[in-house]
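Student: Here it is, the structure in full.
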Amino acid sequence: MATGFYTHPDCVLHEMGEWHPECPARLQAIEDQLIAGRIDGLLERREAPLVAEADILRAHTAAHWDFLSANAPKSGYFAIDGDTVLNSHSLTAARRAAGAAVAATDAVLAGELENAFCSIRPPGHHATPGTAMGFCLLNNIAVAVRHALDVHGLQRVAIVDFDVHHGNGTEAAFAGESRVLMCSIFQHPFYPYSGTENPAPNMVNVPVPARTGGLEVREMIDLTWLPRLEEFKPQMIFISAGFDAHRDDDLGGLALTEADFSWITAQVKAVAQRHAHGRIVSCLEGGYNLSALGRSVVAHLRVLADL
């Protein structure tokens with residue numbers, strides 16, 4: 001079976017100002033590296049649909065969706081906070097991003113695809129059930145996981161998050177949810193300054209200091225994530241794939257390389273093959289050095305697609 005690649009031109013139309021690092025060029029950088037890496041034609045491309053409101057409301061409060069809808073500008077910008085901004089295309093882009101995650105979930109569970117990567121923006125893992133923050137409007141992973149649990153009836157779903165920032169929104173959505181195991185590694189202390197205070201038993205949080213490199217990260221994953229994932233035996237794995245932990249990314253302070261992202265992906269894929277029929281849906285989160293982002297996504301996809 002193939003690896004799916006979900007994206008949509010609407011995701012490029014969302015922009016938060018020329019100064020903003022979470023920019024439309026991120027998706028073009030990925031496309032450029034797919035071509036340079038000669039894997040563009042080896043993935044099954046699919047267009048991201050608009051997510052249904054019912055799927056949004058499984059992961060977010062109605063008040064949150066109403067707030068976004070009421071404040072989406074017809075032109076110009078609406079600032080939710082200092083670094084999270086709406087333009088006239090933002091809600092459509094957010095619905096495409098979450099829709100990609102849900103469609104990929106459906107396709108993988110139907111056996112149409114072995115796994116899938118969603119090249120989408122805005123990212124999602126900082127969006128809590130009731131708040132947009134940290135560049136994120138809807139929590140794409142949370143929406144997809146709720147869909148897998150509540151629509152498809154899965155009983156054991158794992159989330160892996162290797163973004164340089166803690167996925168506080170995803171943790172808020174699933175802390176204490178016995179059907180979900182979340183494993184994350186993130187720089188600390190660092191935005192959003194969370195993930196270290198009494199995490200719920202289903203949260204495997206691994207905070208690491210700035211300048212931590214790949215060898216240390218691999219050892220920590222070996223010691224913390226992998227035993228818990230083996231014990232949990234997930235029926236499906238979702239990845240919050242943030243590549244801002246790359247050593248070339250100035251928005252973070254970790255020192256990972258493409259080889260480290262390949263290794264992490266391989267470990268997660270091996271767990272999925274043992275317990276989940278290989279079922280993985282990965283969604284783009286951070287990654288702001290354009291060259292490093294594109295190269296890292298290609299490394300991630302080469303492992304997912306056995307290329």
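Student: If you check Leu154 against the conditions, is it of a type outside the set (Gly, Ala, Ser), touching a residue at least 12 places away in the same chain (Cβ under 8 Å), outside any helix (DSSP H, G or I) and over 22 Å from Met133 (Cβ atoms)?
Tutor: Yes.
Student: Shifting gears a bit: Out of the residues in the range 249-276 that are of a type outside the set (S, T, N, Q), in a loop (DSSP other than H, G, I, E, B) and in contact with a helix residue (DSSP H, G or I) (Cβ under 9 Å, 6 or more places away or on another chain), which is nearest to Arg228 (Cα to Cα)? Quick ask: steps written out before the conclusion?
Tutor: As a first pass, look at the range 249-276 and keep what is of a type outside the set (S, T, N, Q): 249-256, 258-261, 263-264, 266, 268-272, 274-276.
Filter once more, keeping what is in a loop (DSSP other than H, G, I, E, B): 249-254, 276.
Narrowing the set further to residues that are in contact with a helix residue (DSSP H, G or I) (Cβ under 9 Å, 6 or more places away or on another chain) leaves 249, 254.
Details: Asp249: 30, Leu254: 24 Å.
Among those residues, the one meeting the criterion is Leu254.
Student: With the requirement that a residue be over 15 Å from the mean Cα position of the chain (by Cα) and either within 24 Å of Thr265 (Cβ to Cβ) or aromatic (Phe, Trp, Tyr) (or both), what does the range 142-156 give you? Show your work before the answer.
Tutor: Going residue by residue through the range 142-156, those that are over 15 Å from the mean Cα position of the chain (by Cα) are 147-156.
Within the range 142-156, His147, Ala148, Leu149, His152, Leu154, Arg156 meet the criteria.
Student: For the range 95-115, which positions are out of contact with any Cys (no Cβ under 7 Å at 6 or more places or on another chain) and under 16 Å from Glu44 (Cβ atoms)?
Tutor: Step one: of the range 95-115, the residues out of contact with any Cys (no Cβ under 7 Å at 6 or more places or on another chain) are 95, 98-99, 102-103, 105-115.
Of everything in the range 95-115, those that are out of contact with any Cys (no Cβ under 7 Å at 6 or more places or on another chain) and under 16 Å from Glu44 (Cβ atoms) turn out to be Ala103, Thr105, Asp106, Ala107, Val108, Leu109, Ala110, Gly111, Glu112, Leu113, Glu114, Asn115.
Student: Do any residues in the range 80-96 that are more than 13 Å from Ala52 (Cα to Cα) have Cβ atoms under 8 Å from those of residues that are of a type in the set (Ser, Thr, Tyr), where the two are at least six apart or on different chains, and which pairs are they?
Tutor: Pairs that qualify, where the first residue is more than 13 Å from Ala52 (Cα to Cα) and the partner is of a type in the set (Ser, Thr, Tyr), are Val85/Tyr77; Leu86/Tyr77; Asn87/Tyr77; Ser88/Ser75.
Student: A further question follows. Kindly provide the set of residues from the range 203-248 that are under 19 Å from Val157 (Cβ atoms), among the aliphatic types (A, V, I, L, M) and not in a helix (DSSP H, G or I), ordered by number.
Tutor: Met203, Val204, Met236, Ile237, Ile239, Ala241
So that you can scan it fast, the table gives a plain yes or no per residue for (1) of a type in the set (Gly, Ala, Ser); (2) surrounded by 24 or more Cβ atoms within 10 Å (Cβ to Cβ):
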{"position": "Asn71", "(1), (2)": "no, no"}
{"position": "Lys74", "(1), (2)": "no, no"}
{"position": "Asp106", "(1), (2)": "no, no"}
{"position": "Ala110", "(1), (2)": "yes, no"}
{"position": "Ser119", "(1), (2)": "yes, yes"}
{"position": "His126", "(1), (2)": "no, yes"}
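Student: Another question, then. Does Leu181 meet the test of being in contact with a helix residue (DSSP H, G or I) (Cβ under 9 Å, 6 or more places away or on another chain), outside any helix (DSSP H, G or I) and at pLDDT 95 or above?
Tutor: Details: in contact with a helix residue (DSSP H, G or I) (Cβ under 9 Å, 6 or more places away or on another chain): yes; outside any helix (DSSP H, G or I): yes; at pLDDT 95 or above: yes.
Here the answer is yes, as Leu181 does meet what is asked.
Student: Another question, then. Just to check your reading of the model, which residue among Cys136, Cys118 is touching a Cys at 6+ places or on another chain (Cβ under 9 Å) and in contact (Cβ under 8 Å) with a residue 24 or more places away in the chain? Spell out how you get there, then give the answer.
Tutor: Working: Cys136 fails: touching a Cys at 6+ places or on another chain (Cβ under 9 Å).
Answer to the check: Cys118.
Student: Name every residue in the range 123-141 that is assigned to a strand (DSSP E or B) and either under 13 Å from the mean Cα position of the chain (by Cα) or modelled with pLDDT under 95 (or both), in order of residue number.
Tutor: So in the range 123-141, the residues assigned to a strand (DSSP E or B) come out as 128, 131, 133, 136.
Cys136 - this is the single residue of the range 123-141 that is assigned to a strand (DSSP E or B) and either under 13 Å from the mean Cα position of the chain (by Cα) or modelled with pLDDT under 95 (or both).
Student: Among the residues of the range 223-232, is any aromatic (Phe, Trp, Tyr), in contact with a His (Cβ under 9 Å, 6 or more places away or on another chain) and within 20 Å of Glu22 (Cα to Cα)?
Tutor: The first filter runs over the range 223-232 and keeps only residues aromatic (Phe, Trp, Tyr), leaving 225, 232.
This time we only want the ones that are in contact with a His (Cβ under 9 Å, 6 or more places away or on another chain), so: 232.
Filter again for within 20 Å of Glu22 (Cα to Cα), leaving none.
No: zero hits.
The values are calculated or read from the model by the stated rules, or taken from the named source; none is laboratory data. Just so we're clear, the structure is a prediction, and the values are computed from it rather than from any experiment. For neighbour counting, all protein chains shown are included, and Cβ atoms are generated from backbone atoms with ideal geometry for every residue, glycine included.
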